[in-house]
Amino acid sequence: MAVFEPEAEGIVLDAEETGGDIVGRSPWALAGRRLLRNRISLAALTLFLLIVVVSFGAPIYAHDIAHTDPFASNVTGTIKLNGKTVDVIQQGTGKLGLGETPIGPTWSSQYFLGADNQGRDVAARVLYGGRSSLIIGLSSAALACLLALLFALVAGFFGGFTDTIISRLMDLVWAFPVYLLAISLATVLLTSAHGLNLGLFTLSASSLWIPLLIIGLIYVPYVYRPIRGQVLSLREKEFVEAAIAQGAGSFRLIFREILPNVLSTVIVLLPLMIATTILTESALSYLSIGVQAPQASWGTIIQDGQALLYTRPWVAIGPGIMILLTVLALNVFGDGLRDALDPRSKVRSR
Amino acid sequence: MLTFAIRRLLGLVAVLLVLSILVFLIFFATPGIDPARRMAGRNPSPETIAQIKHEFGLDRSLPVQYVLMMKKLFVTRDLISYGSQTKVIPEITSAAPVTFSLVIGAAVIWVVFSILVGLAAAVLRGTVLDPILMILALIGISVPVFWLGEVVNLFTQSRWHGFFLFSWVPPLGYTPLTQDPLKWFEGLVFPWLTLSVLYVGFYARVLRANLIETENEDYIRTARAKGISERRVLLRHNLRTSMITFVSLFGLDLGVLIGGGALLTEVVFGLPGVGLLTYNSLTGLDLPVIMTTVIYGAFFITIASALVDLLYAWLDPRVRPA
Amino acid sequence: MRPRSLFQLLALFGVAALVLSACGGSSKKKSSAAGGSGGTLTTLAQAAAPGSPDPQINYTLQEWQMLIMTHDGLTAFKKAGGLAGTQVVPDLATTIPNPTEGGKTYVFTLRKGIKFSDGTTLKASDVTRTFERNFAVHGPTAGTFYKTIVGAAACLKTPATCDLSKNGVIADDANNTVTFHLTSGDPEFLQKLAVPFASILPPSTPMKAVQIPPPGTGPYKFVEYNLHKGIKLVRNPFFKVWSKDAQPAGKPDVIIQKFGLGPEAEVTQVENGQADWMFDPVPADRLNELSNKFPDQVHINPLTADYYMAFNVRVPPFNNLDARRAVNYATDRNALVKIYGGPKLAVPSCQILPPNFPGYKPYCPYTKNPGSGKWTAPDLAKAKQLIAASGTKGASVKVNTDTTDTNKAFGLYFVGLLNSLGYKASLQALSPDLQYAYCQNSKNKVQFCWSAWSQDYPAASDFINILFGCSSFVPNSDASPNLSEYCNKSVQAQIDQALKQAITDPTGANVKWAAIDKEITDQAGWVEMFNPKQLDFTGKRVKGYQFSPQWYFLLDLASVK
């Protein structure tokens, strides 16, 4: 993509605009313009940012709108509904009066989506859950991309034995059962008295760092593969040969010649990786081996909602819709980003 | 070709070996469980626990225990589970058909549908249907499969179960094919559909992108110039090349799924397959079963990866190792 | 009912009728109000009972409910519903003997002519072999229930060469008698002979754990035991009723338990009449539905069981009595009952022994306005007072439960409660396979741990001695049921006295047990939460449901015709 494109539209346009002077634009600027013209991608990006803002505003919602502590057990609590005071968790009806059911969605400021089995406000929890899910998703994707980039540059550039070692290591990581790692780590942390002591700081079992690191590490091979392929092919290109002829050392070659050309691939992969990590985190949390109580994430709330699925489905449906919208927005935006950065891959619909 | 196969086979053995050692070490690094205690039951006396420890070789050193376990797993094939105290291999052999049923059925569905959708989107490029199909595909890969399964259950088991459309849906669970083929089928329809949604979305997009990319290749232009009809160009020339990526990705995904990757679908629909067995053994920290399922899964993943590389090299001569 | 299930029901009746008419009169056909004999009782469970199926190893209610229909011991709990079901009656023995020599010797006379389902006739030496086998297969209670048998200590050390025939369990095949010699009197010995660990097995049973329960003397026998598909019991052709109280002829001809369905699916199957009973608890979200639509098929019975949170009395902050009492006063047991499923399914409690248990006297100090023996409401003011007095505010506490929904919910409730009292509480939820063993091991220094306890047999010591006795606290062991790590010399002396008195004077001993219960409750080793009730959901055609406090739903007394 960074290879100079004489036919790139930008230059023609500028000539028209500036009445004759040809002003060059960097490929990044060109990409930016293409992206800005893609309305759907922009809408997706806006949706994603909106979700981020709303999720990080969870404390405000909980405190000022819903007036609730979404992490405190409220089994015997009551709220005022249509002027009447009702139990948040109500005893069953019928001849035997069995069962206790939390209230359903009120569609008002308090208990908008209803209560869960602990009497907590589900809507407030969904927002807080969004915070955890997004933090983990964004950070682990960034971590995976960063590590993959480093490994791919080293392996692709130096080739030979280094390449073999790193690639086989990546194979091993890819074949490794992520659930085993997650469960084992979770159990170690839960059962150790003061959390995992890593010298500088300690991680408690409910720390978000655990799922973050696990997910970040297991996706390194996934990003590593395409980048390494690209580094391999870039290594043979003329401009690298030219730089070597100029006497450039390995370090400069990697970071000043190859890296900028690989960067666009990483940028395209980033939103797609965020989408993937969010889905993975929700799956791990659903299985109770991701985010641990007292923290909440979209996945853990779906887990909570499973026991209530047939009576109070909104507890499970709410967070699921949030995941769907977030991941969809990221995928649509990712598509648009890819089209903007590599116009040859874009299908022109004319 | 032969050296390639041998090299990959050795690689497979190496991966399995390293993996099994890692699993072993992780298990023993995880505190809080004494397998002898678990096997002893509810309120055993300390002597009972000591006896069981000795009988199962749990008082030996780690390397010895590792070798003993591998021997019991591969040679004598009588490895015993810590949890149920019965043989592990029959547990896997009864879980495997469930996973096969789920995965093969879903694979058939998603291959057919993704080819249809991918072809349609490529052909209908330029009309409004192309973006619509692609948005649907995107939704497919954006929805968490376990949540989709829960929603499907909500409607087919509870909310709309009374309507004729869903009243035939049996309660969650698995009926073996040999026991009742109709029930087997009915119980798998929705798991199949749920599992394939994700893959239809993904593969449709992959196929469409490949089809469009190869559109611009010279040999396609040549074929058109020769006067071959559009349909033949699409199906006989374009599709065949585009299927290369499709097939290789499919092989990898199939390997992962058969090895237990359909865990979430199995959990949500109550199917006692390999994925569920793996998960239960992990949460129960049942090392013999964990070891067996991890090796089983890694075996399929690695074999699939090797087969795909082989297939890719055969299909696309440009990629063959020099 | 949908047409498909009606068809299935009719088909089942049709088949059963055919079978009965073909069989002739091998089983009595009584068409009383309780229903007639025959048919297949179809039960459901999510999975097989965990652990080995061997009757001398398995310690689960799920398995025991089946084993009491296939096997017999020298004694048995009366097969009857209600309190009558806690009575010990002679089974393979002709009468219950009075122990001699200070309670150390029991002589049983075996009934004649009883056959195992493999055709062999029961003889006295089978009893000796059965008890030796208990040690050989490392039975979990070999060292706890049966350690008083002479020779048991040696058998625990070297189980492979266990020999009780000379001194411990002396069999006289000619006169059909078995003599037990104990090292000390055991007031619960007769009950310990009535549990499946002591079911007499035929000599063909191997001396190692089996994969399917071996032949027994009961009215049924196991013909199938598949961990994934299910189990099947059919009639034992050699069975004849020798005591209706101990082992009546069962009503169904076949009893099966199918595995693989989750509890939600199981409820649906029972509702549709495709199954007659489900072993697993009904999921909370279906309770309302059952209450409204199938109230006559729901049976609720109180259980002699406790749900509790154990304090670790040796580790801060709960090594402080005031802190423990404070939490007890602050606990809103109504909220816990609500989490469990509502007041119909659980009754708040403050003390160790459950109602209707020998030695039970209602006692609850941890409530507003104590004195009635019943818990009414938490007393937060008192709690806060005690916390201040204890000086333990600000301490960090890990609340340990397992990962099942309900128990995790209890944990979250207590995390909130402890935080509101000024502690820094967090939740530590472990897999159910691990949690109980983890809490027992003192090296894990668990501070506050959820657990539940139900009786092995109706005796106060089964609660008090096992859960608070000094010998039940085994440091650094995963097998230490005294979770509180409580050991009080004077209380232990009272326990020992009560145990001794129970051999000759059970009523007097029960008075002592009540006093011990009160004292331990005052020392607040636990937060006792409630006594749960058992909910059984039976299918439409099930008649004659009977609930025994010992074995719960007596499966073979129910009729499906």
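Given +1 on the Cβ of Lys and Arg, -1 on the Cβ of Asp and Glu, and no further charges, what dipole in debye does the protein assembly as shown carry about its Cα centre, rounded to the nearest 20?
Roughly 1380 debye, rounded to the nearest 20.
Please give, to one decimal in nm, the separation of the simple spin-label points placed at residue A:259 and residue B:218, each 7 Å out from Cα toward the Cβ.
In this crude spin-label approximation the distance works out to 3.8 nm.
If exposed means no more than 14 neighbouring beta carbons inside 10 Å and the site is in a DSSP loop, what's the longest run of chain A without any exposed chymotrypsin sites (Phe, Trp or Tyr not before Pro)?
No qualifying site falls inside A:202-350, the longest such stretch.
Semi-axes of the equivalent ellipsoid for the stretch C:365-417, please: Cα gyration tensor eigenvalues, times 5, square-rooted, ordered largest first, whole Å. Provide the component values of the computation, followed by the final result.
Working: eigenvalues 116, 72, 11 Å².
Equivalent-ellipsoid dimensions as semi-axes: 24, 19, 7 Å.
Straight-line reach from residue A:80: which aspartates and glutamates have a Cα under 20 Å away, not including same-chain ones fewer than 8 places off?
Straight-line reach from residue A:80, under 20 Å: A:64, A:69, A:100, A:116, A:121.
What per residue convex hull volume, in Å³, comes out for the stretch C:183-250 when only alpha-carbon positions are used?
Given the Cα convex hull of the stretch C:183-250, per-residue volume reads 147 Å³.
Using a Gaussian network model of chain A whose springs link C-alpha atoms within less than 10 Å, name the residue from A:214, A:301, A:60 with the highest mean-square fluctuation.
A:60
Among the GluC sites (Glu not before Pro) within the stretch B:205-296, which fall in a DSSP loop and have no more than 15 other Cβ atoms within 10 Å of their own Cβ?
On the way: sites: B:213, B:215, B:217, B:230, B:266; in loops: B:217.
Within the stretch B:205-296, the qualifying GluC sites (Glu not before Pro) (loop, at most 15 other Cβ atoms within 10 Å) are B:217.
Using the Cα centre of chain C as the reference point, and only Cβ charges (+1 on K/R, -1 on D/E), how large is the resulting charge dipole? Debye, rounded to the nearest 20.
Around 680 debye, computed over chain C.
In the structure displayed, which of C:338/C:408; C:104/C:512; C:147/C:443; C:104/C:518 lie more than 19 Å apart, Cα to Cα?
Pairs exceeding 19 Å: C:104/C:512; C:147/C:443; C:104/C:518.
Label 7 Å along Cα→Cβ of residue A:80; the stretch A:96-133 residues with amide nitrogen under 16 Å?
Residues A:108-111 fall inside that zone.
Scan the stretch C:142-197 for trypsin sites (Lys or Arg not before Pro) in coil per DSSP, keeping those whose Cβ has at most 15 other Cβ atoms within 10 Å, and list them by number.
C:166
Once label points are set 7 Å from the Cα along Cα→Cβ at both residue C:404 and residue A:239, what is their separation, rounded to one decimal in nm?
6.4
If you wrap a convex hull around the Cα atoms of the stretch C:89-220, how much volume per residue is inside, in Å³? Show your work: numbers first, answer last.
Working: hull volume 14.0 nm³, N = 132.
Roughly 106 Å³ of hull volume per residue.
For the stretch B:44-172, with only Lys/Arg (+1) and Asp/Glu (-1) charged at the beta-carbon, what is the dipole magnitude about the Cα centre, in debye rounded to 20?
200
Could you give me the radius of gyration and the Dmax of the stretch A:248-312, taking only the C-alpha atoms into account and expressing both in angstrom?
20.1, 68
When chain B is modelled as a GNM with alpha-carbon springs shorter than 10 Å, which of B:167, B:114, B:101 fluctuates the most?
Highest fluctuation among the options: B:167.
Run down the lysines and flag those whose C-alpha is under 20 Å from the C-alpha of residue C:293, throwing out any fewer than 8 positions away in its chain.
A:95, C:344, C:540, C:543
Have a look at A:43, A:296, A:283 and tell me which one the Gaussian network model of chain A (Cα, springs below 10 Å) gives the largest fluctuation.
Evaluated over chain A, the most mobile residue of the options is A:43.
With θ set to phi - 60° and the Karplus curve 6.51 cos²θ - 1.76 cosθ + 1.60, what are the ³J(HN,Hα) couplings of the stretch C:310-319 in order, to the nearest whole Hz, using x for Gly and Pro?
Per-residue couplings from phi come out as 8, 7, 8, 7, 10, 10, x, x, 8, 7 Hz.
Per Stokes-Einstein, at 37 °C and 0.692 mPa s, what whole-number D in µm² s⁻¹ belongs to chain B, with the Kirkwood radius over Cα pairs as the hydrodynamic radius?
Reported coefficient: 144 µm²/s.
At 25 °C and 0.890 mPa s, what whole-number value in µm²/s does Stokes-Einstein give for the translational diffusion of the protein assembly as shown, with Rh from the Kirkwood sum over Cα pairs?
On the way: Rh = 33.6 Å.
Approximately 73 µm²/s, per Stokes-Einstein.
Buried accessible area between B and C (1.4 Å probe, both chains summed, ligands and nucleic acids excluded), in Å² to the nearest 100? Numbers along the way, then the final one.
On the way: alone 17830 and 23210 Å², together 38080 Å².
Adding both sides of the contact gives about 3000 Å².
Return the subset of B:87/C:115; A:84/C:374; C:208/C:232 for which the Cα-Cα distance in this structure is over 29 Å, preserving the input order. Intermediate values should be presented prior to the final figure.
Values: B:87/C:115 32 Å; A:84/C:374 31 Å; C:208/C:232 23 Å.
Pairs exceeding 29 Å: B:87/C:115; A:84/C:374.
In terms of the Cα gyration tensor, with a ≥ b ≥ c the square roots of its eigenvalues, is the stretch C:415-500 rounded because a/c is under 1.5, prolate because a/b exceeds b/c, or oblate?
Details: a/c = 2.02, a/b = 1.73, b/c = 1.17.
It is prolate, given that a/c is not under 1.5 and a/b is the larger ratio.
Please enumerate, by chain and number, the aspartates and glutamates with C-alpha under 20 Å from the C-alpha of residue C:368, excluding those fewer than 8 residues away in the same chain.
Cα-Cα hits under 20 Å: C:322, C:332, C:379, C:519, C:522, C:528.
Translational diffusion coefficient of the stretch B:97-153 at 20 °C, 1.002 mPa s, Stokes-Einstein with Kirkwood Rh over Cα pairs, in µm²/s as a whole number.
Roughly 165 µm²/s, to the nearest whole number.
Looking at A:105, C:187, C:428, which one has the Cα that reaches farthest to the positive end of the dipole of the protein assembly as shown (charges on Cβ: Lys, Arg +1; Asp, Glu -1)?
The Cα lying farthest towards the positive end belongs to C:187.
Do any chymotrypsin sites (Phe, Trp or Tyr not before Pro) in the stretch B:159-249 lie in a DSSP loop with no more than 10 other beta carbon atoms within 10 Å, and if so, which?
B:163, B:164
Amide H to amide H, which residues 5 or more places from residue C:526 or on other chains are under 5 Å from it, using H placed in the peptide plane?
C:311
May I ask you to compute the full-extension gain from residue C:223 to residue C:157, defined as 0.36 nm times their residue separation minus their alpha-carbon distance, rounded to one decimal in nm?
So the chain would gain 20.3 nm between residue C:223 and residue C:157.
For the pairs C:79/C:123; B:71/C:192; C:258/C:533, note any where the Cα-Cα span goes beyond 30 Å.
In this structure, B:71/C:192 exceed 30 Å between Cα atoms.
Quick check on chain C: take the gyration tensor over C-alpha atoms, sort the square-rooted eigenvalues as a ≥ b ≥ c, and tell me if it's rounded (a/c under 1.5), prolate or oblate. Could the numbers behind the result be given before it?
Values: a/c = 2.01, a/b = 1.27, b/c = 1.58.
It is oblate, given that a/c is not under 1.5 and a/b is not larger than b/c.
Run through the DSSP bridge list for chain C and note the antiparallel percent, rounded to the nearest 5.
In chain C, approximately 75 percent of DSSP beta bridges are antiparallel ones.
Compute the whole-percent fraction of alpha carbon pairs in the stretch B:79-179 spaced more than 20 Å apart.
It works out to 64 percent of all Cα pairs.
The values are calculated or read from the model by the stated rules, or taken from the named source; none is laboratory data. These numbers come from a predicted model, not from an experiment. Here the Cβ is made from the backbone with ideal geometry for all residues, glycine too, and neighbour counts use every protein chain on show. Side chains are part of the model used for accessible areas, which takes the heavy atoms of the whole protein and leaves out ligands, DNA and RNA. Shrake-Rupley method; radii C 1.70, N 1.55, O 1.52, S 1.80 Å.
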